[in-house]
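Please read the structure below before turning to the comments.
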Amino acid sequence: MKASTACRSLGSPFPTVVLLTCTLVLTACGNRTTPDSKAAVAQDGEVLARVGDRAITLAEFTQELTRRARTHPQLYGSEAQHRKLLEEMVQFEVLLASAKEAGYDRDPQIQSQINQFIVTRFQEDQLPKSEAAAPTEEELRDFYAGNREQFSVPPAVRAAVIQFKLSPKAAPEKRGELKAKAVAIWTAAHTAEAAEFGRLAQQHSDDQTTRYHRGETGWISLENLSERWGAPVSNAVFTLTEPGQTAPLIETPDGYYIVRLLEKRPRSARPFEEVRDTIAYAVTQRRELERQADFRSRLQRNFRVELHPERLPPPNAPVPPTEPTPPSMPEN
């Protein structure tokens, strides 16, 4: 590859100093025929390229080459591939220098992201890896006993529903016609046997999911039932106490409902053995969070820290939206 061709492959026009440096460096590289001979005459601090005042040294190149070759050794075994990597490193430095000239390194949002990365890396390096033993049986059972609500199954019902759907914007006459139909079906359904109730659901219900299952919902919690058909329907079903009971006709903005209770299941606790692995993970995570909190607390003792919670804005105070404006690009 000719040096001038290699430099042109770097992309948009470069400052003259970059073109000249690239030409000199790549020409010099072309005179070195093997990696071994290069290593024999080069020192780690030898400059392979310059972008403005920024020098790319042999040591930096070798470090980047080693990093990439670790995962893709087949891509970095020839001199042409080494030159391509050097070109990529020059491209990166050109972009970085341009971004800094445009002020991106002073952008508060970017600086915050950099700080977050620094903190994460610092904690990973400085906080020793945990070598704690696995949670004991006593710890697991204590956690289970203290968090029964977390491992409980909410109350649920199995119900049957006949829906008469109506647009909330429907005219009063249309609503009146539908209500008359719903009342007539309810009169037949509320005393009907299970098979007859299922037949009525198949013939008249507008809920396509349950219609061809005799109106049956399957086991469903109060929350899920409310999300599906609204609070009036869910509350009516959960108010019923005996299987086979049918609630009074329910009127909602989107129509009418006939609901029957088929089965009811109270809240129950999941067996300990069923949730043992979940508890073990939760206990381990709690230990880790406590270990991290202790690490931060020990660090904090080295600093003078002031807190002024009284200056915090009220919890519901509106926060004006802020749209960060990217810094302007430097003029050529």
Could you list the residues of region 116-145 with an amide nitrogen less than 15 Å from a label point located 7 Å from the Cα of THR278 in the Cα-to-C-beta direction? 141, 143-145
ASP277, ASP125, reordered so the largest accessible area comes first (probe 1.4 Å): ASP277, ASP125
Across 5 Å bins from the origin, how do the percents of Cα pairs in region 193-274 run, short distances first? 3, 13, 23, 27, 18, 7, 4, 3, 2, 0
Where the centre of each part is set by its Cα atoms, how far does region 117-158 sit from region 45-79, in angstrom? 44
Can you give the extra length, in nm with one decimal, that the chain gains between GLU88 and ALA59 once fully stretched, where that is 0.36 nm per residue apart less the Cα-Cα distance? 8.9 nm
Label-point separation in nm, THR239 to GLN116, each point 7 Å along Cα→Cβ: 4.8
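What is the gain in length, in nm to one decimal, between ASN147 and ALA188 on full extension, counting 0.36 nm per residue of separation less the C-alpha to C-alpha distance?
Contour length minus Cα-Cα distance gives 10.1 nm.
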Electrostatic dipole magnitude of region 119-270 [Cβ: Lys, Arg +1; Asp, Glu -1; Cα centre; debye, to 20]: 740
Using the charge dipole of region 178-298 (Lys, Arg: +1 at Cβ; Asp, Glu: -1 at Cβ; taken about the Cα centre), state which of THR252, SER221, PHE197 has its Cα farthest towards the positive end. SER221
Counting only DSSP loop positions in region 260-324, the GluC sites (Glu not before Pro) whose Cβ has at most 16 other Cβ atoms within 10 Å are GLU306
For LEU48, the residues 5 or more places away or on another chain with a placed amide H closer than 5 Å to its own amide H are ILE56, THR57, LEU58
Could you do me a favour and compute the accessible area per residue for region 200-302, 1.4 Å probe, result in Å²? 59
When you count, for each residue, the other Cβ atoms within 10 Å and take the mean per peptide, how do 145-153, 182-190, 232-240 rank with the highest first? 232-240, 182-190, 145-153
Gained length - GLU46 relative to SER98, 0.36 nm times residue gap less alpha-carbon distance: 16.3 nm
Which residues qualify? For ALA156, with a placed amide H closer than 5 Å and at least 5 residues away or on another chain, they are ARG265
On the protein heavy atoms, probe 1.4 angstrom, tell me the percent of accessible surface of region 66-113 carried by carbon and sulfur. 58
Tell me the carbon and sulfur percent of the accessible area for region 251-297, rounded to whole percent, probe radius 1.4 Å. 52
Take ALA180, project a point 7 Å from its Cα along the Cβ direction, then tell me which residues of region 237-273 have their backbone nitrogen under 20 Å from it. 249-252, 255-258
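The values are calculated or read from the model by the stated rules, or taken from the named source; none is laboratory data. Because the structure is predicted, anything quoted here is derived from the model rather than measured. Reconstructed Cβ throughout: ideal geometry from the backbone, glycine too, with neighbour counts over all protein chains shown. Note: areas computed on protein heavy atoms with side chains; ligands, DNA, RNA excluded. Shrake-Rupley method; radii C 1.70, N 1.55, O 1.52, S 1.80 Å.
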